[in-house]
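Novice: So that we are looking at the same thing, I have put the structure below in structure tokens.
The values are calculated or read from the model by the stated rules, or taken from the named source; none is laboratory data. None of the values given here were measured: they were computed from a predicted structure. Don't worry about glycine lacking a Cβ; one is built from the backbone with ideal geometry, like all the others, and counts go over all protein chains shown.
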Amino acid sequence: MWQGATGATLSILLLAGCAITHMDSDTARYLETLPGRQDTELMSNYRVGPEDVLEIRVWGDEALSKTVIVRPDGLIGLPLIGDVAVAGRSSAEIAQLVEAKLKEYKAVPRVDVSIAEINSYRIYLLGEVERPGMVQVRNYTTVLQGIALVGGPTRFASNEILVLRKEGDAGVERVLYLDYRVLISRKAKHRPFNLVLLPGDTVIVK
């Protein structure tokens, strides 16, 4: 149980060496591949989704520069080129796509795309948490921060936490096995304490 795991109890857990009792070798290897600043990596590779707001700037042509909201179908509408499918693409990929479409109208178009608002960054917190369900966040969120957003663990929660993450176009699901005692220890070898949740991740507190 997490409640009451303070003071002397928490000290015992930490002195126990923070054993990775629920982290398998696959999880450990995966965590080792993550960058030290996962938030920076996430924002640079963020995949746009419905309701996100994009600023499209076409250099030298203010009439074509627009601030647009990604529609539920994953499209945006732009002057001259019409609808553009942007959902699931990074800002750099969207810029390249818009440039390619504009080449029919401009000799050497130069396009910059920035994400003005992130509205499709949704995570799911289930299991032994006070208010299980979907949470929409505006910025990078770690596992512990996500759990805090739903009121924290219940008094029946164990130390076992699962993170379900879909990867690649095929949506292959990766399961990460974490231990709360490791999450709160900054001495953990594989840095799971700052594991940043990706849009669509599901966290299950056992």
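Novice: Output the number of the condition that Gln136 fails; it satisfies all remaining conditions of (1) surrounded by 14 or more Cβ atoms within 10 Å (Cβ to Cβ); (2) modelled with pLDDT of 90 or more.
Specialist: Among (1) surrounded by 14 or more Cβ atoms within 10 Å (Cβ to Cβ); (2) modelled with pLDDT of 90 or more, Gln136 violates only (1).
Novice: Of the conditions (1) in contact with a Ser or Thr (Cβ under 6 Å, 6 or more places away or on another chain); (2) under 15 Å from Pro199 (Cα atoms), Glu128 clears all except one; give me its number.
Specialist: Only one criterion in (1) in contact with a Ser or Thr (Cβ under 6 Å, 6 or more places away or on another chain); (2) under 15 Å from Pro199 (Cα atoms) is unmet by Glu128, namely (2).
Novice: I want to confirm something. Restricting to segment 90-115 and keeping residues that are out of contact with any Leu (no Cβ under 7 Å at 6 or more places or on another chain) and in a loop (DSSP other than H, G, I, E, B), which single residue is nearest to Gly200 (Cα to Cα)?
Specialist: Within segment 90-115, the match that is nearest to Gly200 (Cα to Cα) is Ser90.
Novice: Further question: Do the conditions hold for Met1, that is, is it under 21 Å from the mean Cα position of the chain (by Cα) and at pLDDT below 75? Walk me through it before giving the result.
Specialist: Details: under 21 Å from the mean Cα position of the chain (by Cα): no; at pLDDT below 75: yes.
In short, no.
Novice: Additional query: Working only within segment 131-174, note down all residues that are basic (Lys, Arg) and assigned to a loop (DSSP other than H, G, I, E, B).
Specialist: Arg131, Arg138, Arg155, listed by residue number.
Novice: Just to be sure, is Pro109 modelled with pLDDT under 95, more than 23 Å from the chain's Cα centre (by Cα) and surrounded by 15 or more Cβ atoms within 10 Å (Cβ to Cβ)?
Specialist: yes
Novice: Another question, then. Give the number of residues within segment 131-151 that are under 17 Å from Val196 (Cα atoms), in contact (Cβ under 8 Å) with a residue 12 or more places away in the chain and of a type outside the set (Ser, Thr, Tyr).
Specialist: 12
Novice: Here's something else I'd like to know. Is one or more of the residues making up segment 165-178 crowded, with 17+ Cβ neighbours inside 10 Å and of a type in the set (Asp, Glu)?
Specialist: no
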